[in-house]
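Chemist: I'd like to ask some things about the structure below.
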Amino acid sequence: VCFPTGCFPLVLPHPVIDPSRACHPPWQSPTASRMCNNPNLLPQVNQARCASIALMVFGILSVFSFFNLLNPWYWNAWAIVFILDGIGGILGVIASSVLICCGGEGIKTQQAKASAASKHKCAMGCGIGAAVCFGAYVIAMVVAMVQLSQCEGHEICDQLMVWPVVGMILGLLCVASAVVAAVFAGRAASAIETFNPDAVPQAPVVAVATA
């Protein structure tokens, strides 16, 4: 670049790249990318956290089944079906919350190891309970489909058939998510029990002399 006083070389500034964000897209934070790949957790614990995401979503949706009890139309035997579905949703939310929020991070002592293993076993039990409740809901939807299929000559029966079909599909997805979460929670619990925190080298403690 030349000016009346002389010519000077043009130096363009180089963009500064943060090495910590070099492997992450601009819309994805490093914290979010470590949700299922946290280096501070055992691989089985990371897998259990990822597998429980679907259960949390379907569990929250199943909790809304309690609102069906506000309709007097369901103040009969079908109320039990919606109660079971809601209970399954609560158990699913508990299981997924334990796996996501209370993982096996920071297992540095035998006491912390036992606590983390117990939490994952509790999540596995809640997942199994949720799968049982969701399974009962699916059976109820199949029964409703059979009853409506035997209702011949009524157009209203054909119009109502879509609801048990949708309910059966959602119920099967809920069962699958609960079973998957329970299986991975059990694997994580076994991995934590076999993990020995005493074998992990600890950072040396540096003594600082004070005057």
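Chemist: Please verify whether the range 56-75 includes one or more residues that are surrounded by fewer than 16 Cβ atoms within 10 Å (Cβ to Cβ), of a type in the set (Ser, Thr, Tyr) and without any contact (Cβ under 8 Å) to a residue 40 or more places away in the chain.
Modeler: yes
Chemist: Okay, moving on. Out of contact with any Lys or Arg (no Cβ under 9 Å at 6 or more places or on another chain), open to solvent by 20 Å² or more (accessible area, probe 1.4 Å), of a type in the set (Gly, Ala, Ser) and assigned to a helix (DSSP H, G or I): does that describe Ser52?
Modeler: no
Chemist: What are the residues in the range 112-163 that are closer than 20 Å to Thr194 by Cβ, hydrophobic (A, V, I, L, M, F, W, C) and open to solvent by 40 Å² or more (accessible area, probe 1.4 Å), if any?
Modeler: Within the range 112-163, Ala114, Cys122, Met124 qualify.
Chemist: Same structure, new question: If Lys108 satisfies every condition in (1) loosely packed, with under 15 Cβ neighbours inside 10 Å; (2) among the charged types (D, E, K, R); (3) under 12 Å from the mean Cα position of the chain (by Cα) but one, which is the exception?
Modeler: So Lys108 meets the others, but not (3).
Chemist: Residues Gly125, Gly106: which one is out of contact with any Cys (no Cβ under 8 Å at 6 or more places or on another chain) and at pLDDT 90 or above?
Modeler: Gly125
Chemist: To continue, here is another question. In the range 39-49, what residues are open to solvent by less than 50 Å² (accessible area, probe 1.4 Å) and free of Cβ contacts under 8 Å to residues at least 60 places away in the same chain?
Modeler: Correct list: Asn46, Arg49.
The values are calculated or read from the model by the stated rules, or taken from the named source; none is laboratory data. None of these values were measured; they are calculated from a predicted model. Every residue, glycine among them, receives a Cβ derived from its backbone with ideal geometry; neighbour counts consider all protein chains shown. SASA here: full protein model, heavy atoms, side chains in, ligands and nucleic acids out. Shrake-Rupley method; radii C 1.70, N 1.55, O 1.52, S 1.80 Å.
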